[in-house]
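Structure first, then comments.
The values are calculated or read from the model by the stated rules, or taken from the named source; none is laboratory data. Remember, it's a predicted structure, so these values are computed and weren't measured experimentally. FYI the Cβ positions are ideal-geometry reconstructions off the backbone, even for glycines, and counts take in every protein chain you see. Note: areas computed on protein heavy atoms with side chains; ligands, DNA, RNA excluded. Shrake-Rupley method; radii C 1.70, N 1.55, O 1.52, S 1.80 Å.
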Amino acid sequence: FSIAIALLLLSLMLFPQESVAAAKDGVELCLNVILPSLFPFFVLSTLCVELGLIQGLGRLLERVMYPLFRVNGACSVAFLLGIVGGYPVGARTAIELYEKGQCTKTEAERLLSFCNNSGPAFILGVVGAGIFASSTAGLWLYGAHVAASVLVGLLFRFYGARGEGACRLQSSTISVTGFAEAFTGSVKNAFYGTLNICGFVIFFTVLIRLLFLTGVITVLATGITWLLQGFGMQQSWAEGLLSGIIEMTSGVWTLRDVAGTLGNRLCMAAFILGWAGLSVHCQVLSFIGSSGL
C-alpha cells in the first residue's frame, strides 16, 4: 500500500493538468447526478426513521418481509428506499435502523446484502436513455437489477440463523423525535452524507484517469483480453470492465463507445451496475463506521 500511494503521488506530479481535469469531471458528476438524485432520498430516509413513520409501514409489511427475508417489517423502509433511491441510500437506511435499535444486528447485516442498489433514475435516465438511447433497455436493466436484489435477499435469509435472537420489532424500541428537530437534523446529516459520497466519487474519478495515463489499466486489460479471448473479450471491453470495477459511473459510461451487440453491452452494464464499484463499497464502509456491522 505504501508503494501504491507513493506511485499515485508521483503520478499526480507527472500529470497535474490531467488530474485537475479529472477532478473537475468528478465535481461535475457530483453536481449533475449525485447531489440531485441522492440528497432528497437521504433526507426522507432519515425522516422516516426519526419520526417513527416506519412503525405503520412495518406492521403492514411484516407478513411479507419476515417470511421472505427473515427481517422485521420496519426493515421494509431500507428495502424500498434501496430500490428507488440509488447507491447507497438503502445501506445507509439499514445502518440507521440498527443504530436506532429498530432491527437486530443480524437483520441489519442481512439488509446490507440486498438493500444497496442502483436507483431507477440512474438506470432508466443515464444508462437506458443516455447510453443505450432506449427506454426499453433501461427497463430491462432495472428489472434484472431488482430481481437480483430480491434473490440475494432470499439467499441471505439464512445468514446468522444460529444463535439468532428475536427478530420481531417491539414498539417500545421506537423513539419518535419532534418534526422540527428531525427535519433540521435530517437535512444536515443528508448534506454531510452526500458530501462524503462526492469525495469518494471525485477521488476514484482521478484514480481511473491516472491508471489510464500510466498504462496500468491498458496492461491489465490486455491480460484479461488474452485470458478471455475465447469468450469474445476485446480490449475496449476489458478497459470498460476495469473502469466499472473501480467506479460504476465511469465504467458504464464507456459502453457508449464500445462496439458490440446490444445484448453484450447490456450484460456488461448489468454486471457493472450490480457490482457497483469500489467507490460505492467505500461509501458504505464510511457509513458503517464503528457500528460493528
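Taking region 47-76 as the range and being among the β-branched types (Val, Ile, Thr) and open to solvent by less than 10 Å² (accessible area, probe 1.4 Å) as the test, the residues that pass are Val49, Ile54, Val71.
Looking across region 112-129 at every residue that is among the small types (Gly, Ala, Ser) and in contact (Cβ under 8 Å) with a residue 60 or more places away in the chain, the one that is surrounded by the most Cβ atoms within 10 Å (Cβ to Cβ) is identified as Ser118.
Of the helices (runs of 4 or more DSSP H) lying entirely inside region 1-51, those containing at least 1 residues that are touching a Gly at 6+ places or on another chain (Cβ under 8 Å) and of a type outside the set (A, V, I, L, M, F, W, C) are 35-50.
Residue selection: Ser279 satisfies the criterion of being under 30 Å from Thr136 (Cβ atoms), hydroxyl-bearing (Ser, Thr, Tyr), assigned to a helix (DSSP H, G or I) and open to solvent by less than 40 Å² (accessible area, probe 1.4 Å).
Taken over region 241-276, the residue count meeting the criterion of being crowded, with 20+ Cβ neighbours inside 10 Å, farther than 17 Å from Leu228 by Cβ and among the small types (Gly, Ala, Ser) is 3. Looking only at residues of region 188-221 that are of a type in the set (Phe, Trp, Tyr) and under 19 Å from Leu10 (Cβ atoms), we find that the one that is surrounded by the most Cβ atoms within 10 Å (Cβ to Cβ) is Phe204.
For Gly230, indicate whether it is in a helix (DSSP H, G or I) and either under 27 Å from Leu35 (Cβ atoms) or open to solvent by less than 20 Å² (accessible area, probe 1.4 Å) (or both). Judged against the criteria, Gly230 is not a match.
From Glu99, Glu18, Glu109, Glu28, grab the single residue that is open to solvent by 30 Å² or more (accessible area, probe 1.4 Å), closer than 22 Å to Val152 by Cβ and not β-branched (Val, Ile, Thr).
Testing whether each residue is open to solvent by 30 Å² or more (accessible area, probe 1.4 Å), closer than 22 Å to Val152 by Cβ and not β-branched (Val, Ile, Thr) leaves just Glu109.
The requirement of being β-branched (Val, Ile, Thr) and under 13 Å from the mean Cα position of the chain (by Cα) is fulfilled somewhere in region 249-266, by at least one residue.
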